[in-house]
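*Asks:* I am attaching a structure below and will ask some questions about it afterwards.
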Amino acid sequence: MKAASTLELITRTPLLHLDKLSGTGKGKIYGKLEYLQPGGSVKDRAALQIIKDAYQSGRLSKGQTVVEMTSGNMGAGLALVCRQFGNPFIAVMSKGNSPERLKILHAFGAEIVLTEQVDGGPGMVTGKDIEQASRIARELAEEKNAFYVDQFNNPSSITAHFETTGPEIWNDLNNIDVFIASIGTAGTFTGTAKYLKSKNRNIVCIAVEPQNTAILKTGRVLNPRHIIQGTSYGLVPPHWNSALADDIITVDDQEVERVTKQLSYEQGLYVGYSSGANVAAAIKYLEKNNAAINIATILCDTGYKYTDL
Ligand SMILES: Cc1ncc(COP(=O)(O)O)c(C=O)c1O
């Protein structure tokens, strides 16, 4: 594969049959290797689309500063995309995110503003932590006359997945039966599920939540802390479209940790906890529906972004 620029490397990730984790039945789990993107995560897709759309609509101009609240992955994507477009980038990030994320943002040339946690802890960023970081990011953007990305409300992230992730999965696996994804802003789930259902409305689309932070499934948050960084902040994200979700599978920290480790030991894929959560949910689905079905899910980011992996 030959590419003319770094931005051209974003999208078109491989879809791998997870042969070591699909079990002994006839069903197969496929993982979309988003951790191979230049910024190390699925968020590169949304970052590129957001910046392209902002230029196209005239909301962003050459040299103008870009500001965003991030758990690290969107920040890495935006930092590298903004550099390629010639825009300075400021990442506003809760202190609960791993120091590895900070290091990556520095390496990509972002300026970083760290915010105190409200009720989270190290490696566990809650909805309140996110709300606080978002408020500070919004104020900073106003002060600097910068473009505020606002990933939770920016529809370009849905467009990115509707136009790229969905078609890529469909082209690589057109006998797909089930799509599974965890929820941060819900951009990945909503955009991809919408595309897949437009091709075949019988494709079952399933969201994943931590057992005690299952607000989409139960309407309640028993505990805002869990290990699936970058997802499930105990709030209903504006991009969430319940009509696209046929089911929601919950997973607990122990099984997420176990499956994330299996992905590296057994499958040779060094990925983060949301990848483990997605595959744990896929394994649960296969155990319940023992049939010759094809499940596609997302391996969202690289394990290098985590302290304890
Ligand atoms: C590690 C990780 N997994 C999953 C997601 C979920 O992606 P989305 O925001 O598209 O729902 C994110 C989002 O930041 C993430 O950082």
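Nothing in this text is a laboratory measurement; each read-out follows from the coordinates by a stated rule. Small disclaimer: the values here were computed from a predicted structure and weren't measured. Here Cβ is always computed from backbone atoms with ideal geometry, including for glycine, and neighbour counts include all displayed protein chains.
*Asks:* Give me the Debye-computed log₁₀ of I(q)/I(0) at q = 0.10, 0.21, 0.23 Å⁻¹ for the range 43-148, equal point scatterers on Cα only, no solvent, two decimals.
*Replies:* -0.25, -1.05, -1.22
*Asks:* Any idea what the relative contact order of the range 43-148 is, in percent, if you count C-alpha pairs under 8 Å spaced at least 6 apart?
*Replies:* Taking the mean separation of contacting Cα pairs over the length of the range 43-148, I get 29 percent.
*Asks:* Assign unit charges at the C-beta atoms only (+1 for Lys and Arg, -1 for Asp and Glu), then state the dipole size of the range 43-148 relative to its Cα centre in Debye, rounded to the nearest 20.
*Replies:* 360
*Asks:* Using Cα positions and a limit of under 23 Å, work out the lysines in reach of Lys305, with same-chain residues fewer than 8 apart set aside.
*Replies:* Straight-line reach from Lys305, under 23 Å: Lys32, Lys43, Lys95, Lys103, Lys128, Lys261.
*Asks:* Can you give the local net charge around Asp119? Use residues other than it whose beta-carbon is closer than 12 angstrom to its beta-carbon, Lys and Arg +1, Asp and Glu -1.
*Replies:* In short, -1.
*Asks:* Turning to a different aspect of this structure: For the chain, what relative contact order do you get, as a whole percent, if you take Cα pairs closer than 8 Å and at least 6 residues apart? Don't jump to the answer; show the numbers that get you there.
*Replies:* On the way: 666 pairs, mean separation 68.2, N = 309.
Computed value for the chain: 22 percent relative contact order.
*Asks:* Could you point to the residue in Gly166, Tyr148, Ile248 farthest towards the positive end of the chain's charge dipole, with +1 and -1 charges on the Cβ of Lys/Arg and Asp/Glu respectively?
*Replies:* Selected residue: Gly166.
*Asks:* Using the per-residue mean of other Cβ atoms lying within 10 Å as a proxy for protection, in what order, highest first, do the peptides 198-205, 183-190 fall? The partial results should precede the final answer.
*Replies:* Details: 198-205: 13.8, 183-190: 27.6.
Top to bottom by mean Cβ count within 10 Å: 183-190, 198-205.
*Asks:* Only helices at least 15 Å long along their own axis, judged from Cα atoms, and with Kyte-Doolittle mean hydropathy of -0.5 or greater: name those in the chain from DSSP H.
*Replies:* Flagged H segments are 73-85, 273-288.
*Asks:* May I ask you to derive the relative contact order of the range 157-269, considering only C-alpha pairs under 8 Å and at least 6 residues apart, and to give it as an integer percent?
*Replies:* Relative contact order, the range 157-269: 27 percent.
*Asks:* Provide Rg and Dmax in Å for the range 173-304, with only Cα atoms included in the calculation.
*Replies:* Final numbers for Rg and Dmax: 13.9, 39 Å.
*Asks:* Give me the percent of DSSP beta bridges within the chain that run antiparallel, rounded to the nearest 5.
*Replies:* Just about 15 percent of them are antiparallel.
*Asks:* With bins 20 Å wide starting at 0, give me the P(r) of the chain over every alpha carbon pair, in whole percents.
*Replies:* 36, 59, 5
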